[in-house]
Amino acid sequence: MGIYDGSATLLLGGEKGQKLKVSAGDIIVIPAGVGHKNLESSTDFKVIGAYPNGMNYDILRGKPEERKQAEINISKVLFPDNDPFLGTSKGLREIWTKN
């Protein structure tokens, strides 16, 4: 997710997760299955999302009945071809492990 205008406070990791302040110029990589939401933002807050290898977004709300489908969807996320900011040999390519 790239922040290209404004600022916000996000919650990452579900309702008991961590708050993170972001602003224009920040890039955030959110692994598949990690809950995230906007708690508060400036009126000019703008963000763009991108997904590995052309995948589409998947919105689930964390309801117990969604868990099985969430696990299936998470298992289908492919190892990214590159890091969206650093390219093919750094960033995600160094820290993401294939399972």
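The values are calculated or read from the model by the stated rules, or taken from the named source; none is laboratory data. It should be emphasised that the depicted structure is a prediction, and the values quoted were computed from it without experimental measurement. Every residue, glycine among them, receives a Cβ derived from its backbone with ideal geometry; neighbour counts consider all protein chains shown.
Of all residues in the range 77-96, those being surrounded by fewer than 10 Cβ atoms within 10 Å (Cβ to Cβ) and under 21 Å from residue 36 (Cβ atoms) number 1. Note on the range 11-60: residues that are loosely packed, with under 12 Cβ neighbours inside 10 Å, of a type outside the set (S, T, N, Q) and over 25 Å from residue 80 (Cβ atoms) total 6.
Please work out which residue is modelled with the highest pLDDT, limiting yourself to the range 40-97 and to residues that are in a strand (DSSP E or B) and of a type in the set (A, V, I, L, M, F, W, C). Among residues in the range 40-97 that are in a strand (DSSP E or B) and of a type in the set (A, V, I, L, M, F, W, C), the one modelled with the highest pLDDT is 47.
Residues checked against (1) closer than 22 Å to residue 72 by Cβ; (2) within 14 Å of the chain's Cα centre (by Cα); (3) of a type in the set (Asp, Glu):
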| residue | (1), (2), (3) |
| --- | --- |
| 5 | no, no, yes |
| 9 | no, no, no |
| 15 | no, no, yes |
| 32 | yes, yes, no |
| 35 | yes, yes, no |
| 41 | no, no, no |
| 49 | yes, yes, no |
| 54 | yes, no, no |
| 60 | yes, yes, no |
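Search the range 6-23 for residues that are on the phi > 0 side of the Ramachandran plot and pair each with any residue that is at pLDDT below 95 and not charged (D, E, K, R) when their beta-carbon atoms are under 7 Å apart and the residues are at least 6 apart or on different chains. Matching pairs, first to second residue: 13/34; 13/35; 14/35; 14/62.
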